[in-house]
Every structure is written in structure tokens, then in C-alpha cells.
Amino acid sequence: MRQTFDIKGGPQDGRAHLPLLRKEMAAMGLDGFYVPHEDEYQNEYLPDANERLAWVSGFTGSFGSAFVFADRAVLFADGRYTLQAADQTAPELWERQGVPDPGAFGWLAMQALDGKTIGYDPRLMSPNDVAALKAAAESAGARAVAVDDNPLDKAWTARPPQPDAQVVPHPVKFAGVEHTDKRAEIGRALAAAKVDAAVLTSPSSIAWAFNIRGGDVSCTPLPLGRAILYADGTADLFLDEGKVSPKLRKHLGNTVTLRPLGALEEGLADLSGKTVSLDPDVASAWFFDKVEAAGGKIVRQRDPVALPRACKNAAEIKGTTAAHIRDGVALTKFLHWLDTEAQSGDVTEIDATIKLESLRDEVDGLQDLSFPSISGAVEHGALPHYRVSTASDRKLDRGSLFLIDSGGQYPDGTTDVTRTVPIGEPTADMIRHYTLVLKGHIALATVRFPPGTTGTHLDVLARHALWQAGLDYQHGTGHGVGVYLGVHEGPQRIAKPWNATPLAPGMIVSNEPGYYREGQYGIRIENLQYVTPAAPIEGGEIDMLSFECLTFAPLARDLIDVKLLSKEERAYVNDYHKRVWKLLNRKLPDDVKSWLKAATARI
């Protein structure tokens, strides 16, 4: 099994470890210490060795932070984790506060901490977060100071080792462009901007720029390392030496200097007198401090790899299209199973998760899941980021809805797909709500839009039908997706908050509107789609961009109220199902093929 269902952490961890941290803080002369969830690499999924917040508190949620003082400790977690935080932290040790209101820094600013010293680890915080922490501390009468040695790391004597998976070449047949050519193009952009070098701190950017992959992070094939890319296209790549093989050295060639990760600070010192690009959104304050101390001139700008990585080339689009078809076969087999064997009411969320994983394991090339599956039955479906555990597992009751959000990692692509299906007979409300979500999904799938349009401009399309019914959902509509990289990547995004990055050809985004009725059920329909080049519209004056669908698996026909769909929307569903049938039917066993024929029949 690639997934586990026993949640780590719990109150016992905070009871055992909080006193150890306080002892180290006292030895360092610190009155308080800030503990973010983020690690040195700003990864979505952390290696066990970097789960600092979980170690000191027992809270294992993927978003949060804490302030620890000699006489109190406060955990900050958003609404997704209210119940989990209460279950996993010792109430006699930990206070709990919400995010964003008041949030960690908002809370700190309201405290009376005259003369107190609060430590922070600059390796774990962005420059903007450090500035916000310092301002909040000043408002409270305290001062925030950077520490060279993290007191939590010193207290964590039984800390797991850092991951050491081998770094391997990523074949050019999947990457589409030689790594030397990628870096040469980025180097020319740096030179045009009169920048001597860019410090790459994002593992995804490093994996893409050097055509390499690793296994240091669960669900994402990333090598943990750093790089300095120069304007002439050469680079220094900093990796733990145990991850480097002769094959990797040959792949990188003579334009890349491999250096031990322990030599990173020395490498930054060599940037003295140079103009250096650093991205304040992904690089920690530590990098800014070190480059400034070395005498480098910092230019704050977006990671120069982020946009080229987001705009997939023809080989990447071809590869991820093939991966999605293979993945669609597994998902369709699973949907057949849900519509037959799982209709008994005796199947559980974990049973369903295991079944889907077993079907993906049959798919050629599966390397990992792209994230732990969200498998939500009945009221759990109304929790958009629910993760089933042995403690929370429940049956897929008849007369309910089941939501499954899942994906796989393949050498040629990364998938992410959500389907919602009825178990037993759905209610009229379930059908109506599903159809309203479907209308939003169709609107975003079929829109034509001019160059310069951002995801924020399009977000309302997915919500319009719900809004007209007085409904909404409290998450983004779409996120960027990598190709055998992260299932969540930027800089593009489709959501209410402003995103300044225009959607451009080759960008992959999810299309996932939803509706969640608290305590009863959740609905989400998610496909991945990519931006196609601008093309003329007959009679129009502006060439318009559009989306091409990547994900192919049947929708839930039993949940569609055809009367609520327009003629164009009905045509979309029928055309989509026609493509599902054409792409998948020959790859399915006879029983699933017969089921798919009915599942994709015209509405």
C-alpha cells in the first residue's frame, strides 16, 4: 500500500517534546520561539525529518504554525483542521487559535510582551513573513531575532534522517527539451535583465531545469537540493553526495558543477559583487541574509524557471495526455466497481481507497500517487480536504453521495481527478446540486478568452450557476499541475483572490467547482485541462485562447437533471462522453466495457 490510514501525532507528542524545546530555548536566552509548518524547501508534503510542528505539538495537519513561550504555547490552524487540532494537542499545554483570524502574527501583535525576545529560524520563513513577524513582535513590545541553530532541531535528538533517494535523469523524450537548452534560454533572459545569476531554491524548478527527478518527498518525484544558475547557462548544483551516481554526472555534463549540499553557503559567498535574482515567495530569508552578507546585489523577482516550467512543451503535453488516458482506464474500472459491488452499503471509505489504488497499480508506469486520496462518504464528503483514517472510516451508506479525489504520478504525466457518485438512490437536492456544479464545470471547460486573461478573471464562470441559486464553495476553482512534478504548482491559479499571471498556452490547470452541504454530502467534479494557442473565431476580431481536456472518465449520469442544462451544455456532456468511450473502451474488460457504454449514452 502506498497510503496509510493511521494518523501519526497526538497529545502524547506535545507532552513529551514541548518541555525539551523549552529547555533549549532557555539555554539560548529565548523567551519565545516561532514554529512554522513549512520546511527549508517550502514543500507541500514534508519528509518525516522536517515535520517540526508535528513533533513539538502532536498536530499533523498540512497547514499551521505555533508560538512557544516558557509559560504558554499557542497553535494556529485553519478551519479545515479545527477538530483534528483539538484531538491531537494536549489541552493543558496548547491553546488553539484560528487562521486567518487572528492568525499567528495578528495574535502576537495583541500580546503584552515588553522586553521579550522571540526567536525564529530564517531558513523556514520568507523575507515577507520575517518582516511581518518583526512588526508584530514590535507591536507587542518584543523583538524577533534570527537564530543560527534551531532550538527545536537541537531538542529533537531522535530525529529521522534526511531523505537520501538517488537523483536520476529524466529522459528527454518526456522532458521535450535538453536541460542545457533550457538553462541557456533562462540564462539569456537573466542576461537581458542584467542579472548575473539566479539562486534556485524550489525543488520543482531544479528538477525541471536539470531534467532530473528524485524520491525525497512523498507523492512528488523531487530531489531536495539547491542550484545557482548563471547568465551564460552554466550552473552549480548542490546535492547530498550520496544521491549522486556516475549516470547522473554523465547526464549533467560539463556545463553543471556538482557540489555538496554542505557547500551551499560557500557557493552563495562566491556571489560577492554580482547581481543575483531571488524569489521572495519561495526562497527563505536565510538566502537573502547570506547573499547580502556576501556583498551580492539582490534583485527580487519571480523564480525564472516558474513560467517556462508552467508552459508545457509539445512533448510534455503528448506525454501527459497519454498518462491521463492510462489513468482514466483505472478510474473507469473503479467507477464501474462503485456502481456495482460498492452499492451494498457495506463498503467503507478505506475499502474504496484501497480498491482504487490497486487498480492504479495495474497501470503501466505508475511511480506513486500524486497525493493521498480524498475519499469522503456522506458527511465526510462535505470536508473538501478530508483524509480518511482508521478512526474516521465510515461506510458508503445507501441513499448518499461518495466523493473521491485522487491522482497518480507517471514518468510522462501527473493526474488529479475528482468524481462524485450516488450510492443507492440520490435525492432531488443531490441531483440539483450536482447539476449546478456541472454547469459551472462546463462553463470553465468551454470558455474562449483573450490573451492576458488570468485565472481570477475566469473563476466566476465556475461559480455563476451556484451563485444564482444562492450557493458557493470556499476553495479555489483551479490550480496548476506539473508533468511528473507537483500536483499543485504555480504561478497560475483559478480562484477568487487576485492572481497576476495570465493564462498562457501549455499551462495545465484543474477545473474543480464544488458544493458542500455540511453534515450531509459533498460534490466536486474535477478534470485537468490545458491552455491551447489563440485561434480566430468566425466573425470575431480577436484570436482567443481555449482549454483542451486531459481527463477522461464518465460523469455521474444519475445525478444530472437534463432539464437544468442548456442545449449547449447537453451537447458538451454528450461530446465529452463520446470521447471517453472512444479513448477507453478498447482498453477495458468486457463487463466494464458494457457498463461504460451505458454510462456514456446520450442524455
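Assorted remarks:
- Taking the range 498-603 as the region of interest, the strands (runs of 3 or more DSSP E) fully inside it that hold 3 or more residues being hydrophobic (A, V, I, L, M, F, W, C) are 527-535, 544-549.
- The range 503-548, subset open to solvent by less than 10 Å² (accessible area, probe 1.4 Å) and of a type in the set (Val, Ile, Thr), residue nearest to Pro308 (Cα to Cα): Ile508
- Of the residues Ala158, Ala135, Ala85, the single one that is surrounded by fewer than 21 Cβ atoms within 10 Å (Cβ to Cβ), assigned to a helix (DSSP H, G or I) and of a type outside the set (Lys, Arg) is Ala135.
- From Ala269, Ala263, Ala231, Ala227, residue being aliphatic (A, V, I, L, M) and open to solvent by less than 10 Å² (accessible area, probe 1.4 Å): Ala227
- Leading residue by the ranking (nearest to Leu559 (Cα to Cα)) among those in the range 440-459 that are open to solvent by 40 Å² or more (accessible area, probe 1.4 Å) and either touching a residue at least 60 places away in the same chain (Cβ under 8 Å) or assigned to a helix (DSSP H, G or I) (or both): Thr446
- Cβ-Cβ contacts under 7 Å between residues 6 or more apart (or on different chains), taken from a first residue in the range 157-176 that is within 21 Å of Leu485 (Cβ to Cβ) and in contact (Cβ under 8 Å) with a residue 60 or more places away in the chain to a second residue that is of a type in the set (Lys, Arg) and outside any strand (DSSP E or B), are listed as Asp164/Lys243; Ala165/Lys243; Gln166/Lys243; Val167/Lys243; Pro169/Lys247.
- Single residue of Tyr386, Tyr410 found to be in contact with a Leu (Cβ under 9 Å, 6 or more places away or on another chain) and at pLDDT below 95: Tyr386
- Whenever a residue of the range 363-379 is of a type in the set (Ser, Thr, Tyr), its partners that are part of a strand (DSSP E or B), lying with C-beta atoms within less than 6 angstrom and at least six residues away or across chains, give the pairs Ser370/Gly408; Ser370/Gln409; Ser370/Thr414; Ser373/Ser406; Ser375/Ile404.
- Highlighted here are the helices (runs of 4 or more DSSP H) found entirely within the range 170-214 that include at least 1 residues which are closer than 18 Å to Asn43 by Cα and at pLDDT 95 or above: 203-209.
- Unmet criterion (only one of (1) over 30 Å from Glu265 (Cβ atoms); (2) of a type outside the set (Ser, Thr, Tyr); (3) part of a strand (DSSP E or B)) for Ile118: (1)
- Qualifying residue in the range 21-34 (condition: in a loop (DSSP other than H, G, I, E, B) and under 17 Å from Arg159 (Cα atoms)): no
- Selected residue [touching an Asp or Glu at 6+ places or on another chain (Cβ under 8 Å), at negative phi and open to solvent by less than 50 Å² (accessible area, probe 1.4 Å)] from Gly187, Gly176: Gly187
- Residue count, the range 275-293 (criterion: crowded, with 18+ Cβ neighbours inside 10 Å and either out of contact with any Ser or Thr (no Cβ under 9 Å at 6 or more places or on another chain) or not charged (D, E, K, R) (or both)): 13
- Count of the range 70-82 residues, restricted to those that are open to solvent by 10 Å² or more (accessible area, probe 1.4 Å) and either closer than 13 Å to Glu38 by Cα or not in a helix (DSSP H, G or I) (or both), is 5.
- Out of Gln84, Gln88, Gln97, sole residue that is of a type outside the set (D, E, K, R) and within 22 Å of the chain's Cα centre (by Cα): Gln84
- Scope the range 262-288; condition closer than 25 Å to Pro491 by Cα and outside any loop (DSSP other than H, G, I, E, B); matching residues: Thr275, Val276, Ser277, Leu278, Ala285, Trp286, Phe287, Phe288
- If only residues of the range 1-20 that are in a loop (DSSP other than H, G, I, E, B) and of a type outside the set (A, V, I, L, M, F, W, C) are counted, the one that is farthest from Trp107 (Cα to Cα) is Arg2.
The values are calculated or read from the model by the stated rules, or taken from the named source; none is laboratory data. Owing to the predicted nature of the structure, the values given are computational and were not obtained by experimental measurement. Backbone-built Cβ (ideal geometry, glycine too); neighbour counts: all protein chains shown. Keep in mind that these areas ignore ligands, DNA and RNA; they rest on the heavy atoms of the full protein, side chains included. Shrake-Rupley method; radii C 1.70, N 1.55, O 1.52, S 1.80 Å.
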